[in-house]
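Some notes on the structure that comes next.
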Amino acid sequence: MQGDGAKMRTPKILTAVALVASTLTAGLIGSSTATAASTEVPWCNPTTPIAPCIQSATVDTGAGATDIRTMSGWEVQALADSGSGSNEIRVALMRDSSYQLGSDTLDDTVVVKVLTGSLIPRVVTGKAKDTEVVRAGSGSAQEVTVTGKPVVVSGYCDQSVWPWTCTEFEETTLQEGERYEFDGYFDFQVSDYGTWDDATQRAAFYGMNYFTNVVATSIPPEITDDPATGNPMLLIRMANSHFRQDGTTVVKGRGELRIPNAFLKEVYGIPDPSTMSGTSLTPSLSGSGPGTVTSAQEPGDKAMLVTYDNVEFSARQLRIRTGQITPTRPTQVSAWRTSARRGFVDFEPSDARGAKVTGYAGRCEAVRGDHVVTGSSDNIVRFTGLRKGVAYDCKVRAKSEAGPSKWSEVARMGAKVVDVS
């Protein structure tokens, strides 16, 4: 729920994003995903690189990073695609001509750097874990570096109708050469998200990342209305076979979503996302079964990170709603009378939680009678007009663009003058 007095702006567009959910049958870069507009992305020329191109790709098995081009049987596949309305670059690792890298790679760290040129790397999504995405450059010299570890991807899903259905493995359903489980898989897709019509919102997507091991999922997340409040929220649909190919090992879904501050401000209407905390968003999983979901501010305060883990399927949804964005209440309140008619209230400041604190308001009520005085300030709240010899109960609260915080606990201002010099 929103905090007391919170206000949310309605975004210009509330229609859901068209799903670009990748169902793995022969890998993301397989022929089934290529279009007539797809072109192969080469390795960069070391002296005169022409984007788009692959600048570098390494694998660290624990003994240091090794150039993938020197590793026997390893290769990087990459395609540039402009046929879907968005400009995209799709990258996947292969080993011995297969997208299955092997279970021995699950703890390896993969780093791939791609020069995207004039393609703005707004949204980066893929199949990996423990990921980090670094964007650099500008104009016609942009680049993106993706770091992560391979994941186990298991299952096959029908995404023609929601809820998506993911059948368990049966040998009779597998065709020769097909494999619906990848023990060690790593891919990602870089998109300028050109299909999004609203230019301001499209720009706000810059910096959004989403990585998972779930076979069928919303990529990127959908923007929709929260039916409970009417406010915008992000929705991730996901589905997976319950078991791995052995028929007994349960699939554990994991996902890592980075929501940049610009998106939180433009779409969620949060005034100052850099001051958000873990309770500023309230992500939740639909349906029953194991699974946890958490949110936290990214180090550096540039985005919120939402992570779900140990999720069992088959079809579930992750809803990311606005939580408490009004400031926390002031604490450690104390009140002092400095003269017969003047006094002040001191306190520990509020945490902003997404709405910048613009000041503090105070209220003192006479212990006997109905006399009330008020005051405001950026820090210590001072009061005038007190009645001589009358004690007051005082409290303060923070002010912000999203509304005020809750009132603090009450502090007694005595009837006698206290020397605080």
Considering region 277-331 alone, what residues qualify as being under 30 Å from GLY362 (Cβ atoms) and within 11 Å of the chain's Cα centre (by Cα)? GLN297
For region 341-421, which fully contained strands (runs of 3 or more DSSP E) count at least 2 residues that are basic (Lys, Arg)? 392-400
Return a yes/no flag: does region 79-95 have any residue that is assigned to a loop (DSSP other than H, G, I, E, B), at pLDDT 95 or above and polar (S, T, N, Q). no
Working only within region 361-398, note down all residues that are in contact with a Ser or Thr (Cβ under 6 Å, 6 or more places away or on another chain) and farther than 28 Å from THR326 by Cα. none
The residue that is modelled with the lowest pLDDT, considering only those in region 158-185 that are out of contact with any Asp or Glu (no Cβ under 9 Å at 6 or more places or on another chain) and of a type in the set (Gly, Ala, Ser), is GLY177
Being under 27 Å from GLY148 (Cα atoms) and free of Cβ contacts under 8 Å to residues at least 12 places away in the same chain narrows it down to one residue among THR249, THR282; which is it? THR249
Being in contact (Cβ under 8 Å) with a residue 40 or more places away in the chain and in a strand (DSSP E or B) is the filter; apply it to region 331-340 and report the residue that is surrounded by the most Cβ atoms within 10 Å (Cβ to Cβ). ALA335
Going by the conditions given, is GLY155 at pLDDT 95 or above and not charged (D, E, K, R)? no
Going residue by residue through region 375-385, is there one that turns out to be of a type in the set (Val, Ile, Thr), farther than 30 Å from GLY278 by Cβ and without any contact (Cβ under 8 Å) to a residue 40 or more places away in the chain? no
List the number of the failed condition for ARG9; all other conditions in (1) part of a loop (DSSP other than H, G, I, E, B); (2) at pLDDT 90 or above hold. (2)
Could you tell me which numbered condition THR131 fails, if it satisfies all but one of (1) within 20 Å of ARG202 (Cβ to Cβ); (2) in contact with a Gly (Cβ under 9 Å, 6 or more places away or on another chain); (3) assigned to a strand (DSSP E or B)? (1)
Verdict on ILE29 being of a type in the set (A, V, I, L, M), at pLDDT below 95 and surrounded by 22 or more Cβ atoms within 10 Å (Cβ to Cβ): yes
Given the conditions (1) touching a Pro at 6+ places or on another chain (Cβ under 8 Å); (2) free of Cβ contacts under 8 Å to residues at least 60 places away in the same chain; (3) part of a loop (DSSP other than H, G, I, E, B), every one holds for LEU119 apart from (2)
Exception for MET94 within (1) closer than 20 Å to TYR185 by Cβ; (2) under 28 Å from the mean Cα position of the chain (by Cα) falls at (2)
Among the listed residues GLY389, GLY323, GLY359, GLY414, which satisfies the condition of being surrounded by 14 or more Cβ atoms within 10 Å (Cβ to Cβ) and farther than 23 Å from LEU281 by Cβ? GLY414
Being in the same structural domain as LEU234 (by TED's automatic domain parsing), of a type in the set (Ser, Thr, Tyr), part of a strand (DSSP E or B) and buried (at least 17 other Cβ atoms within 10 Å of the Cβ) is true for just one of SER277, SER295, SER284. Which residue is that? SER295
So which residues in region 219-248 are touching a Cys at 6+ places or on another chain (Cβ under 9 Å) and assigned to a loop (DSSP other than H, G, I, E, B), if there are any at all? ASN240, SER241, HIS242
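The values are calculated or read from the model by the stated rules, or taken from the named source; none is laboratory data. Predicted model, so just to flag it, every value in this text is computed and none were measured. Ideal geometry is used to build each Cβ from the backbone, glycine not excepted, and the neighbour counts take in all protein chains shown.
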